[in-house]
Amino acid sequence: MFHPLIFDNIRVVLEGAVYDRDFDGAITITGRSDVMDMATFHRLFQIEFKLAEQAEGEKAVRAQMQLRTSLRDIASEQLEQPLVEHVGCTICIHFHLQLPNPDDIPGEANKITALLNEIWGQRPYITQTLSAKLPEHRIEWPPTVVTNHITLDFHRKIDEGNIDDLRELIEHTIQSLAGLQRHVDRT
């Protein structure tokens, strides 16, 4: 009989819990992907959502939860060989938004970090990647729109022992999404 991977068990619970919040009307799922990369033999599951009441458009902040595992973890589990110290998978949370005040990028970035640290208790490592689209024929500086891709990385693996924590992780993600949306809507 086929034995599901740790990744598969966590993915099913994570996906189900996010869909439960969609059915509750708190969020709207906007995308989902379940990938097996045959070049590097890793697995990736990601599910993207926004607040349910938020209209489509540039001001809608999106959250994306990513679960991934590697060849070494899969092989360790399937072969029952200690190829890695701890068999499991990693989870990262991403937020995508337009900065409400691109004239004060450092100030905006600091406010976002403070907001997320308040919600998450300074637990995940937060990075922000800023980008601006500059049209080829008419480059304007400074840009009027700056996109912020925020990543929350926990820098550790999880396994089935962490399944009970997934609902709390989702609630923190929704709380972060709401806080970031309020921040964006202030402009």
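The values are calculated or read from the model by the stated rules, or taken from the named source; none is laboratory data. Since the model is a prediction, treat every value here as computed from it, not as a measurement. So basically every Cβ, Gly included, is an ideal-geometry build from the backbone, and we count neighbours across all protein chains shown. Just so you know, the surface numbers come from the protein's heavy atoms only, side chains and all, with ligands and any DNA or RNA stripped out. Shrake-Rupley method; radii C 1.70, N 1.55, O 1.52, S 1.80 Å.
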Using the heavy atoms of the protein chains alone and a 1.4 angstrom probe, what is the accessible area of the chain per residue in square angstrom?
-> 57 Å²
In segment 18-111, carbon and sulfur make up what percent of the accessible area (probe 1.4 Å)?
-> 51 percent
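With a cap of 14 neighbouring Cβ atoms within 10 Å, and only residues DSSP puts in a loop, list the trypsin sites (Lys or Arg not before Pro) found in segment 68-140.
Of the trypsin sites (Lys or Arg not before Pro), the ones in loops of segment 68-140 whose Cβ has at most 14 other Cβ atoms within 10 Å are Lys133, Arg138.
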Cross-link partners of Lys50 among lysines (Cα-Cα below 16 Å; sequence separation of 8 or more within a chain) = Lys59
Centre separation in Å (Cα based) which lies between segment 7-36 and segment 161-187 = 14 Å
What aspartates and glutamates could a cross-link reach from Lys111, if we take a straight Cα to Cα line under 17 Å and drop same-chain neighbours fewer than 8 places away?
-> Asp103, Asp185
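Keeping all protein chains in place and using 1.4 angstrom, which order do Arg156, Arg21 fall into by accessible surface area, from largest down?
Working: Arg156 110, Arg21 55 Å².
Final ranking, largest accessible area leading: Arg156, Arg21.
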Among Gly88, Gly16, Gly161, the residue with the largest mean-square fluctuation in a Gaussian network model of the chain built from Cα contacts under 10 Å is Gly161
Candidates for Cα Rg over 2.2 N^0.38 Å are (1) 1.08; (2) 0.93; (3) 1.14, and the calculated one carries label (3)
Quick one: net charge around His3, please, counting Lys, Arg +1 and Asp, Glu -1 for every other residue with C-beta under 13 Å from its C-beta.
-> -4
Excluding Glu171 itself, calculate the net charge of residues whose Cβ lies under 12 Å from the Cβ of Glu171, where each Lys or Arg counts +1 and each Asp or Glu counts -1.
-> -2
Go ahead and set up a Gaussian network model of the chain, Cα springs under 10 Å, then flag whichever of Glu85, Glu118, Glu77 fluctuates most.
-> Glu85
Total formal charge among the other residues, if their Cβ is under 13 angstrom from that of Val35, Lys/Arg +1 and Asp/Glu -1 | +2
³J(HN,Hα) across segment 56-64 via Karplus (A = 6.51, B = -1.76, C = 1.60, θ = phi - 60°), whole Hz, x for Gly/Pro?
-> 5, x, 5, 7, 6, 7, 10, 10, 9
On a 0 to 90 degree scale, rounded to 10, what angle separates helix 166-185 from the longest Cα axis of the chain?
-> 10 degrees
Using alpha carbons only, how many degrees (0 to 90, rounded to 10) separate the axis of helix 105-120 from the longest principal axis of the chain?
-> 40 degrees
